[in-house]
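Heads up, the thing below is written out as structure tokens.
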Amino acid sequence: MIRRPLLPLAAALLALSLAACNPQTPDDDAKQSGPAPTKSAAPSGAAGGPPEGALSLADAIAKIPKGDEKRDGYERDSFKHWTDEDQDGCPTRAEVLIEEATTKPEQGERCTLTGGAWTSAYDNVEVTDAKRLDIDHMVPLAEAWDST
């Protein structure tokens, strides 16, 4: 099985979600009160630039409606933690670490990882101790539960 990093997929899903929160028609710009949406310096359709008339990320986030958060019924134990879905002896955490490593770690007994290196996509920092890495949700489970 070929695995691909999930970050580009997550970014695309976020962009689609934000666009769905604020669908606009050509007449919407004329009706809008307040400052005009911020546009990217990149030309329309350029790599990394939003399409013509699109909101900046900050403006799109500002338009997401706020809702009441409720934690009633939340129990962390209701969610499986680091399962071994493909039953190869490695839990999800180890599989993510193996896949995302810039220098592959050695796999020991019960999928214990030693060695290896990982580079953060956010700040380009290299980490060589897998125990220092958090492999978790983009949104913590309790926050997702509260916000439904």
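The values are calculated or read from the model by the stated rules, or taken from the named source; none is laboratory data. What you see is a predicted model; the values in this text were computed from it and never measured. Heads up, the Cβs are rebuilt from the backbone with ideal geometry, glycines too, and the neighbour counts pull from every protein chain shown. Ligands, DNA and RNA are stripped out before the accessible areas are found, and what is left, the full protein with its side chains, is counted by its heavy atoms. Shrake-Rupley method; radii C 1.70, N 1.55, O 1.52, S 1.80 Å.
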Of R132, R93, the only residue that is loosely packed, with under 10 Cβ neighbours inside 10 Å and charged (D, E, K, R) is R132
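Condition test on P105, is it in contact with a Leu (Cβ under 7 Å, 6 or more places away or on another chain), open to solvent by less than 70 Å² (accessible area, probe 1.4 Å) and modelled with pLDDT of 90 or more?
Details: in contact with a Leu (Cβ under 7 Å, 6 or more places away or on another chain): yes; open to solvent by less than 70 Å² (accessible area, probe 1.4 Å): yes; modelled with pLDDT of 90 or more: yes.
Answer is yes for this residue.
Of everything in region 112-148, what is closer than 30 Å to Y74 by Cβ and touching a Gly at 6+ places or on another chain (Cβ under 7 Å)? Give them in sequence order. Outline the logic, then answer.
So the first thing to find is which residues in region 112-148 are closer than 30 Å to Y74 by Cβ, and the list is 120-122, 130-148.
Within region 112-148, A130, S147 qualify.
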